[in-house]
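Quick note: the coordinates plus some simple rules give every number you see, no bench work behind them. Because the structure is predicted, anything quoted here is derived from the model rather than measured. Backbone-built Cβ (ideal geometry, glycine too); neighbour counts: all protein chains shown.
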């Protein structure tokens with residue numbers, strides 16, 4: 001029972017992390033595309049500013065996935 | 001926290017009749033078990049100095065990077081003309097890319113000469129350590145061992161084959177790299193502003209006193225969270241791709257076992273596993289490049305934040 005709950009928790013947590021990261025990356029991509037469409041000459045700066053936020057976001061999502069994996073590995 | 005799952009003992013796999021994808025996947029990404037290291041070394045001050053596979057790969061990659069880069073640069077410095085020739089071109093593209101997109105926007109001109117070597121070393125080392133995972137050296141060696149060499153259970157070759165080849169997929173390795181960034185951040189702030197002023201720069205001056213009670217703990221926590229996030233990002237990304245490829249490949253054996261015939265496994269392999277694994281391997285090439293870039297970019301950003309503390 002406890003093991004089943006651990007597996008369920010890890011699975012649900014993984015799904016939630018993916019949903020959150022997907023929403024965040026989607027917003028970032030939309031913002032970047034709009035920004036470049038409005039101001040094509042500033043593409044380099046816009047991409048640079050987006051990259052940093054993207055990588056920080058990705059780090060949080062990866063952290064969530066690592067903790068989900070730890071639930072599975074340390075379930076006993 | 002920094003524990004790495006130990007590889008299962010190979011005998012258990014050989015003796016076990018049922019195929020266990022979990023053990024197989026962990027065995028392919030984790031370090032060699034401490035009970036069977038590659039080279040036995042004594043324990044000093046409670047630290048077991050034995051060389052495991054990740055340490056071995058770390059040294060191999062570091063030595064390769066050092067020899068190749070030094071040779072290239074030495075040859076370039078010694079030649080008459082300033083136009084690079086041969087493989088030096090590739091190195092120059094990489095160095096220029098890092099200089100233009102990572103160092104110059106983040107670290108001010110005055111300090112960039114001091115920190116460029118560190119950032120470039122990070123980039124080249126992490127890139128090469130990541131790329132080793134894309135080359136199936138140890139899988140080919142394993143095949144050769146199985147069909148040609150027949151090395152014994154305790155032979156060096158057998159111990160070398162087991163475990164993951166990606167040193168940067170180990171949390172301990174990336175934690176060490178992130179620690180270098182952490183120390184470099186403090187050093188950069190200290191050199192630019194002096195020791196006391198660097199710590200004062202962490203919080204903006206001239207705020208009401210109650211705000212500092214909230215702000216100072218937050219800044220201290222974020223100071224330690226940054227290297228922690230660097231550690232986790234690199235290691236988890238490098239391990240994650242391998243786990244995904246192995247899990248998808250495992251479907252072949254899972255289906256073959258489920259239906260009791262190898263035909264089912266071969267079918268799912270042709271239709272599903274192999275195309276998807278090839279696609280994920282393609283993504284892995286991008287991930288390898290991006291993660292090396294991200295680590296260097298964030299290191300440069302943190303160093304730049306300590307230098308250009310404009311509160």
Additional length obtainable on full extension of the chain from residue B:276 to residue B:196, 0.36 nm per residue less Cα span: 23.3 nm
For a label point 7 angstrom out from the Cα of residue B:121 toward its Cβ, which stretches of the stretch B:152-194 have the backbone nitrogen within less than 15 Å? B:176-185, B:187-188
FRET E, pair residue B:146, residue A:25, Förster distance 35 Å, beta-carbon r, rounded to 0.05: 0.25
So what is the relative contact order of the stretch A:2-73, in percent, for Cα pairs below 8 Å that sit 6 or more residues apart? 56 percent
For B:101-110, what's the mean count of beta carbons from other chains sitting within 10 Å of each residue's beta carbon? 1
Please give the FRET efficiency for residue B:90 paired with residue B:219, using the beta carbon to beta carbon distance and R0 = 45 Å, rounded to the nearest 0.05. 0.65
Which residue, B:212, B:171, B:293, tops the fluctuation ranking in a GNM of chain B built on C-alpha contacts under 10 Å? B:212
Quick shape check on the protein assembly as shown: root eigenvalues a ≥ b ≥ c of the Cα gyration tensor, a/c under 1.5 is rounded, otherwise prolate if a/b tops b/c, else oblate, and it reads prolate
Residue-averaged [θ]222 nm for the protein assembly as shown, counting only DSSP H segments that reach four residues, each worth -39500 (n - 2.57): -25000 deg cm²/dmol
Just counting partner chain Cβ atoms within 10 Å, what average do the residues of peptide A:64-72 show around their Cβ? 3
